[in-house]
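One structure is given below, encoded as structure tokens.
The values are calculated or read from the model by the stated rules, or taken from the named source; none is laboratory data. Just so it is clear, the model here is predicted, and its values are computed rather than measured. Glycine gets a Cβ as well: all are built from the backbone with ideal geometry, and neighbour counts include every protein chain shown. For accessibility, only protein heavy atoms count, side chains too; no ligands or nucleic acids. Shrake-Rupley method; radii C 1.70, N 1.55, O 1.52, S 1.80 Å.
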Amino acid sequence: MSANQPIIHVVDDDPSFCTAVTRLLHAAKYEVRGYRSAAAFLDSDACADPGCILLDLRMPGVNGLDLQQSLAQTEGRLPIIFLSGHGDVPTSVRAMKAGALDFLTKPVERATLLRAVQNALEVDAAETKSRAILRELRRSYETLTAREREVLAHVVSGKLNKQIAFALGTSERTIKAHRARITEKLAIRSVAELVRIAQSLGIEPIR
């Protein structure tokens, strides 16, 4: 199995259902792992790989909603598709508000399930890429000195060099030098790019 190949994680305490879904997904050329409980899933290293989770709602011990809540605290959380024979509108709304991609009712049609899985894998790939970009931005930002970070915050607030120099008690020439180093370290070409980076990193403009 390729290290980057997505894995579909089926978390359901019904052995016959797990077997049926696993066969269906294998036939569609997906890699599948099965878990008979939420605890078994939590004990695995599932979130280390790309993929998605097909999650039963009602299970002994930790139920599907509880597992969803637990996974929400992890950075590399996988997209969740709920599959349940006991779904109701309030429960499905709660699951979707908590971030589930889909809420399907058993028995589910093959085409419906495969569409949901494909959508989840596309979402996971996009989110994985976004997290990687954000990690790289954080690494680049950490190379800035304390004063360069101050200057950055003023720049994304829309201030001119002379205004920043006055606010920081230095010369306009020094601010230009700081900005040049910021541009080089963050590999940017415009203030607009710098503003987008600051927003991604949660840097608040100076009011």
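The table below gives the values:
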read-out: Cα gyration tensor shape for the range 118-163, rounded if a/c is under 1.5, else prolate or oblate; value: oblate
read-out: Relative contact order [Cα under 8 Å, 6+ residues apart], the chain, whole percent; value: 15 percent
read-out: Solvent-accessible area, 1.4 Å probe, carbon plus sulfur percent, for the chain; value: 52 percent
read-out: Nearest 10 degrees, 0 to 90: helix 110-141 Cα axis against the chain principal axis; value: 30 degrees
read-out: Added length on full extension, which subtracts the Cα-Cα distance from 0.36 nm per residue, Arg207 to Met96; value: 36.3 nm
read-out: Three-way shape label, the range 74-141, alpha-carbon gyration tensor, a/c 1.5; value: oblate
read-out: Tensor-based shape of the range 51-174 (alpha-carbon gyration tensor, a/c under 1.5 rounded, otherwise prolate or oblate); value: prolate
read-out: Read-out Cα Rg over 2.2 N^0.38 Å, derived from the coordinates shown; its label in (1) 1.19; (2) 1.40; (3) 1.03; value: (2)
read-out: Order of exposure, largest accessible area first, which applies to Ser16, Ser171 with probe 1.4 Å; value: Ser16, Ser171
read-out: Estimated translational D of the range 1-105 in µm²/s (Stokes, Kirkwood radius over Cα pairs; 20 °C; 1.002 mPa s); value: 155 µm²/s
read-out: Exposed-loop-free span, longest in the chain, where GluC sites (Glu not before Pro) count as exposed if DSSP calls them loop and at most 10 other C-beta atoms lie within 10 Å; value: 1-74
read-out: Sum of -39500 (n - 2.57) over DSSP H runs of 4+, divided by residues of the chain (222 nm, nearest 500); value: -17000 deg cm²/dmol
read-out: Label-point separation, Ala111 to Glu127 (7 Å along Cα→Cβ), nm; value: 2.8 nm
read-out: Heavy-atom surface of the chain, accessible at 1.4 Å and reported per residue (Å²); value: 57 Å²
